[in-house]
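Q: My questions will all concern the structure given below.
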Amino acid sequence: MTFRYYRDLTPTFSDRSQWALPTVLRHHAAERPDAVWLDAPEESATWTYAEMLASAERVGRNLLDQGAEKGDRVVLVAQNSSRFVRTWVGSAVAGLVEVPINTAYEHDFLAHQVRTVEAKLAVVDDVFAERFVAVKEAASDITKFWVIDTGQQDKAIEILREAGWDAAPWDELEAELPAGRSVELPDVQPQDLASVLFTSGTTGPSKGVAMPHAQMYFFADECVSLVRLTPDDAWMTVTPLFHGNAQFMAAYPTMVAGARCVIRSKFSASRWVDQIRESRVSVTNFIGVMMDFIWKQDRRSDDADNPLRVVFAAPTAATLVEPMKERYGIEAFVEVFGLTETSAPIISPYGESRPAGAAGLAADEWFDVALVDPETDEEVAVGEIGELVIRPKVPFICSMGYYNMPEKTVEAWRNLWFHTGDALRRDEDGWFYFVDRFKDALRRRGENISSYEIETSILSHPAVVETAVIAVPASTEAGEDEVMAYVITQSEVTAEELWEHCDGRIPSFAVPRYLRFVDELPKTPSQRVQKAKLRELGVTDDTHDRTPETR
């Protein structure tokens, strides 16, 4: 049996000793100083590569001037803005470790992450200052805050100072050092820690993924290869910069390629195509239901009148690819399967039609990839479902573990393979297909069922805006499951209509027996559905039951 592999990746920087953000930025500041890198339309401002380097070096020197040393952590809690980006890049230039935290986090969630990384410095939007006061004990290692102004800066600075912290406006972070004072910026190497990004914490306390500079670079360069990015391209990101999807899967790839990065504060389905036109965007990315939301917008005669060339969608709604390409004039949809911990070991070739549901091919020049029995770690046969396990072939292209969580690190790297917890299968040609998280998988009447695939089918109904599928105990089939779907709708629809919609789209054994309409789903602060809570609720009095006899 001969598998196909993804072998299109030729690193933009062939010398691995250059795989660090300060090196990449300085290269382009020298080679294309007047080319725009950061474009922030909502701020009516742009920064060239040379201007970004100058800004980053000022920010970096000011961070170090406060007594920080190479390797110290800088907590960053802010909405998308140029100041977020300049803080991230300035931290990198200073050899400090950026720790972006979800802006929805407060109380125990915020305390856990700040305490875990033992942060020394913090940059926050003014509206989040009080959250740190509420977790002051956990944040006791922080010596200074810089506050980004969104309309309440003076109040936020006062609150922080009253709590005993040194605090200043963010703009002071970008100022020149006082006359007579100098700070030498360190030499930053690829193996140095660059960022700590936290997992969502769906099933337990969130874990801080320790990402070295080489991994941040490599993940970004994988995306350069994925979308065939060139200096002539502009990539728009509308997802939060505290997530990897925006930071090292959109913004950083543009820096690697010498392209332009367009940042927006948030996603707007109704404004999306107009924003593409206004900023002359050729590349963008979707996550989750963004693709479906855009498709469901009212069709306009000029939808295809835009410069968009390629969309990076994770996951890709396979049934919408061809209609979206035709409607919006898009050349290609691409996808990867990866994790913050591992970069992307599975990548889809550009412009190639994939089998329905396929995520991509193994990048075997860079990773060992296998599917194993999660109980024994023995490899499963081709076509069978197994847990995806990964190990790198090149130094520092995967994470260095979970920050300050050695036990979790050892657990994840059992038998010297990183265990993803994801259930995938591989076909005879080498294409990988995501099936489910193992803990979210269902089994009914001897068949394995993917909650993800059922959710995708239910979401294709025009009335449905969100859904979550779980297993509930079967009353007559010991040890197996019944399928239950929680559904949020934007217009009136009956359970019978949804069941009818599922028939023919979903195998009969996988059509949900139970449907429950709700106004919201329980979620983590990073907006992942907490399915464990839904399982605890089980079948309630207001749940619709389509009994086996009526199927």
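The values are calculated or read from the model by the stated rules, or taken from the named source; none is laboratory data. Please read these numbers as outputs of a predicted model, since none were measured by experiment. Reconstructed Cβ throughout: ideal geometry from the backbone, glycine too, with neighbour counts over all protein chains shown.
To keep it simple, each residue is scored yes or no on (1) surrounded by 15 or more Cβ atoms within 10 Å (Cβ to Cβ); (2) at negative phi; (3) not small (Gly, Ala, Ser).
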{"site": "Phe128", "(1), (2), (3)": "yes, yes, yes"}
{"site": "Ala138", "(1), (2), (3)": "yes, yes, no"}
{"site": "Thr143", "(1), (2), (3)": "yes, yes, yes"}
{"site": "Glu176", "(1), (2), (3)": "no, yes, yes"}
{"site": "Ala179", "(1), (2), (3)": "no, yes, no"}
{"site": "Leu185", "(1), (2), (3)": "yes, yes, yes"}
{"site": "Val188", "(1), (2), (3)": "yes, yes, yes"}
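Q: Moving to a separate point now. Of the residues Ser526, Ser475, Ser508, which is of a type in the set (Gly, Ala, Ser), at pLDDT below 85 and either under 12 Å from Ile458 (Cβ atoms) or touching a His at 6+ places or on another chain (Cβ under 9 Å) (or both)?
A: Details: Ser475 fails: either under 12 Å from Ile458 (Cβ atoms) or touching a His at 6+ places or on another chain (Cβ under 9 Å) (or both); Ser508 fails: either under 12 Å from Ile458 (Cβ atoms) or touching a His at 6+ places or on another chain (Cβ under 9 Å) (or both).
From the options Ser526, Ser475, Ser508, the qualifying one is Ser526.
Q: Of the residues Glu407, Glu387, only one is in contact with a Phe, Trp or Tyr (Cβ under 8 Å, 6 or more places away or on another chain) and assigned by TED's automatic domain parsing to the domain that holds Met216; which? Reasoning before the result, please.
A: Values: Glu407 fails: in contact with a Phe, Trp or Tyr (Cβ under 8 Å, 6 or more places away or on another chain).
After ruling out the rest, the residue left standing is Glu387.
Q: Sticking with this one: Hey, among the residues in the stretch 374-394 that are buried (at least 17 other Cβ atoms within 10 Å of the Cβ) and aliphatic (A, V, I, L, M), which one's nearest to Thr2 (Cα to Cα)?
A: It comes out as Val380.
Q: Scanning the stretch 224-250 for residues that are more than 13 Å from Arg264 (Cα to Cα) and of a type in the set (Ser, Thr, Tyr), which turns out surrounded by the fewest Cβ atoms within 10 Å (Cβ to Cβ)?
A: Checking each candidate, the answer is Thr230.
Q: May I pose another question? Scan the stretch 442-449 and give yes if some residue there is of a type in the set (D, E, K, R), in contact with a helix residue (DSSP H, G or I) (Cβ under 7 Å, 6 or more places away or on another chain) and surrounded by 15 or more Cβ atoms within 10 Å (Cβ to Cβ), otherwise no. Before you say what the answer is, go through the steps one by one.
A: Taking the stretch 442-449 and keeping what is of a type in the set (D, E, K, R), we get 443-445, 447.
Then keep just the ones that are in contact with a helix residue (DSSP H, G or I) (Cβ under 7 Å, 6 or more places away or on another chain); that gives 444-445, 447.
Next cut, surrounded by 15 or more Cβ atoms within 10 Å (Cβ to Cβ) only: 444.
Taking every residue of the stretch 442-449 in turn, at least one turns out to be of a type in the set (D, E, K, R), in contact with a helix residue (DSSP H, G or I) (Cβ under 7 Å, 6 or more places away or on another chain) and surrounded by 15 or more Cβ atoms within 10 Å (Cβ to Cβ).
Q: Test each condition in (1) within 22 Å of Val472 (Cβ to Cβ); (2) more than 19 Å from the chain's Cα centre (by Cα); (3) buried (at least 18 other Cβ atoms within 10 Å of the Cβ); (4) without any contact (Cβ under 8 Å) to a residue 40 or more places away in the chain for Thr409 and report the one that comes out false.
A: Condition not satisfied by Thr409: (1).
Q: Go through (1) in contact (Cβ under 8 Å) with a residue 40 or more places away in the chain; (2) over 32 Å from the mean Cα position of the chain (by Cα); (3) crowded, with 21+ Cβ neighbours inside 10 Å for Arg513 and report which single condition fails.
A: Here Arg513 meets the rest and fails (1).
Q: Now, a different point. Can you pull out the residues in the stretch 388-428 that are closer than 30 Å to Asp192 by Cα and in a strand (DSSP E or B)? Please lay out each step first, then the result.
A: Of the stretch 388-428, the ones closer than 30 Å to Asp192 by Cα are 388-422.
Residues satisfying the conditions are Leu388, Val389, Ile390, Arg391, Pro392, Tyr402, Phe418, His419, Thr420, Gly421, Asp422.
Q: Taking the condition outside the structural domain of Arg264 (by TED's automatic domain parsing), under 16 Å from Tyr217 (Cβ atoms), of a type in the set (A, V, I, L, M, F, W, C) and buried (at least 18 other Cβ atoms within 10 Å of the Cβ), does Leu25 pass?
A: On the way: outside the structural domain of Arg264 (by TED's automatic domain parsing): yes; under 16 Å from Tyr217 (Cβ atoms): yes; of a type in the set (A, V, I, L, M, F, W, C): yes; buried (at least 18 other Cβ atoms within 10 Å of the Cβ): yes.
Criteria met by Leu25.
Q: While we're here: Residues of the stretch 370-400 being among the hydrophobic types (A, V, I, L, M, F, W, C) and either free of Cβ contacts under 8 Å to residues at least 40 places away in the same chain or within 21 Å of Lys439 (Cβ to Cβ) (or both), which ones?
A: Initially, the stretch 370-400 is screened for residues among the hydrophobic types (A, V, I, L, M, F, W, C), giving 370-372, 380-382, 385, 388-390, 394, 396-398, 400.
Ala370, Leu371, Val372, Val380, Ala381, Ile385, Leu388, Val389, Ile390, listed by residue number.
Q: Of all residues being in a loop (DSSP other than H, G, I, E, B) and more than 23 Å from Thr230 (Cα to Cα) in the stretch 279-301, which is modelled with the lowest pLDDT? Just the residue, please.
A: Keep residues of the stretch 279-301 that are in a loop (DSSP other than H, G, I, E, B), which gives 279-282, 288-289, 296-301.
Those left that are additionally more than 23 Å from Thr230 (Cα to Cα): 288-289, 296-301.
Numbers: Gly288: 74, Val289: 77, Lys296: 90, Gln297: 95, Asp298: 95, Arg299: 96, Arg300: 96, Ser301: 96.
Looking at the filtered set, the residue picked out is Gly288.
Q: Could you list, in sequence order, the residues of the stretch 150-168 that are out of contact with any helix residue (DSSP H, G or I) (no Cβ under 6 Å at 6 or more places or on another chain), surrounded by 15 or more Cβ atoms within 10 Å (Cβ to Cβ) and not aromatic (Phe, Trp, Tyr)? Steps first, please.
A: Step one: of the stretch 150-168, the residues out of contact with any helix residue (DSSP H, G or I) (no Cβ under 6 Å at 6 or more places or on another chain) are 151, 154-155, 157-158, 161-162, 164-166, 168.
Cutting the leftovers down to surrounded by 15 or more Cβ atoms within 10 Å (Cβ to Cβ) gives us 157, 165, 168.
Within the stretch 150-168, Ile157, Ala168 qualify.
Q: May I pose another question? Going through Glu428, Glu466 one at a time, which residue ends up being within 16 Å of Leu534 (Cβ to Cβ), out of contact with any Ser or Thr (no Cβ under 7 Å at 6 or more places or on another chain) and either at pLDDT below 95 or not hydrophobic (A, V, I, L, M, F, W, C) (or both)? Explain how you work it out, then say what you get.
A: Values: Glu428 fails: within 16 Å of Leu534 (Cβ to Cβ).
Only one candidate passes the filter, namely Glu466.
Q: Go through the stretch 48-63 residue by residue and tally those that are surrounded by fewer than 24 Cβ atoms within 10 Å (Cβ to Cβ) and either hydrophobic (A, V, I, L, M, F, W, C) or more than 14 Å from Trp37 (Cα to Cα) (or both).
A: Final tally of qualifying residues: 7.
Q: Answer yes or no: is there a residue in the stretch 407-425 that is closer than 18 Å to Arg4 by Cβ and out of contact with any helix residue (DSSP H, G or I) (no Cβ under 9 Å at 6 or more places or on another chain). Show your work before the answer.
A: Taking the stretch 407-425 first, the residues closer than 18 Å to Arg4 by Cβ are 424-425.
If we keep only those that are out of contact with any helix residue (DSSP H, G or I) (no Cβ under 9 Å at 6 or more places or on another chain) too, we end up with 424-425.
Yes, the stretch 407-425 contains a residue that is closer than 18 Å to Arg4 by Cβ and out of contact with any helix residue (DSSP H, G or I) (no Cβ under 9 Å at 6 or more places or on another chain).
Q: State all residues of the stretch 8-56 that are among the acidic types (Asp, Glu) and either modelled with pLDDT under 95 or touching a Ser or Thr at 6+ places or on another chain (Cβ under 8 Å) (or both); if no residue qualifies, say none.
A: At the first step, the residues of the stretch 8-56 found to be among the acidic types (Asp, Glu) are 8, 15, 31, 34, 39, 42-43, 51.
Asp8, Asp34, Asp39, Glu42, Glu43 - these are the residues of the stretch 8-56 that are among the acidic types (Asp, Glu) and either modelled with pLDDT under 95 or touching a Ser or Thr at 6+ places or on another chain (Cβ under 8 Å) (or both).
Q: Among the listed residues Val24, Val74, Val59, which satisfies the condition of being touching an Asp or Glu at 6+ places or on another chain (Cβ under 6 Å), hydrophobic (A, V, I, L, M, F, W, C) and outside any strand (DSSP E or B)? Steps first, answer last, please.
A: Numbers: Val24 fails: touching an Asp or Glu at 6+ places or on another chain (Cβ under 6 Å); Val74 fails: outside any strand (DSSP E or B).
Testing whether each residue is touching an Asp or Glu at 6+ places or on another chain (Cβ under 6 Å), hydrophobic (A, V, I, L, M, F, W, C) and outside any strand (DSSP E or B) leaves just Val59.
One line per residue, one yes/no per condition, for (1) touching a Ser or Thr at 6+ places or on another chain (Cβ under 8 Å); (2) among the polar types (S, T, N, Q); (3) more than 16 Å from Leu121 (Cβ to Cβ); (4) in the same structural domain as Ser91 (by TED's automatic domain parsing):
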site: Lys144; (1), (2), (3), (4): no, no, no, yes
site: Gln153; (1), (2), (3), (4): no, yes, yes, yes
site: Ile157; (1), (2), (3), (4): no, no, no, yes
site: Leu160; (1), (2), (3), (4): no, no, no, yes
site: Ala163; (1), (2), (3), (4): no, no, no, yes
site: Ala179; (1), (2), (3), (4): no, no, yes, no
site: Val183; (1), (2), (3), (4): no, no, no, no
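Q: Got a number for residues in the stretch 82-141 being of a type in the set (Gly, Ala, Ser), closer than 22 Å to Val183 by Cα and part of a helix (DSSP H, G or I)? If you could, list the steps in order and put the result at the bottom.
A: Taking the stretch 82-141 as the starting set, the residues that turn out to be of a type in the set (Gly, Ala, Ser) are 82, 90-92, 94-95, 104, 111, 119, 122, 129, 134, 138-140.
Those still in the list that are closer than 22 Å to Val183 by Cα too: 90-92, 94-95, 119, 122.
Remaining after also requiring part of a helix (DSSP H, G or I): 90-92.
The total comes to 3.
Q: At pLDDT 95 or above, at negative phi and out of contact with any His (no Cβ under 9 Å at 6 or more places or on another chain): which single residue out of Glu455, Glu384, Glu375, Glu447 fits that description? Walk me through it before giving the result.
A: Working: Glu455 fails: at pLDDT 95 or above; Glu375 fails: at pLDDT 95 or above; Glu447 fails: at pLDDT 95 or above.
The conditions single out Glu384.
Q: A further question follows. Which residues, taken from the stretch 353-384, are assigned to a loop (DSSP other than H, G, I, E, B) and within 29 Å of Ala214 (Cα to Cα)? Before you say what the answer is, go through the steps one by one.
A: Applying the first criterion (assigned to a loop (DSSP other than H, G, I, E, B)) to the stretch 353-384 yields 353-357, 363-366, 373-378, 380-384.
Selection gives Ala363, Asp364, Glu365, Trp366, Asp377.
Q: Right, here's the next one. Considering only the stretch 27-56, state which residues are out of contact with any Gly (no Cβ under 6 Å at 6 or more places or on another chain), in contact (Cβ under 8 Å) with a residue 40 or more places away in the chain and in a loop (DSSP other than H, G, I, E, B).
A: Selection gives Ala35 alone.
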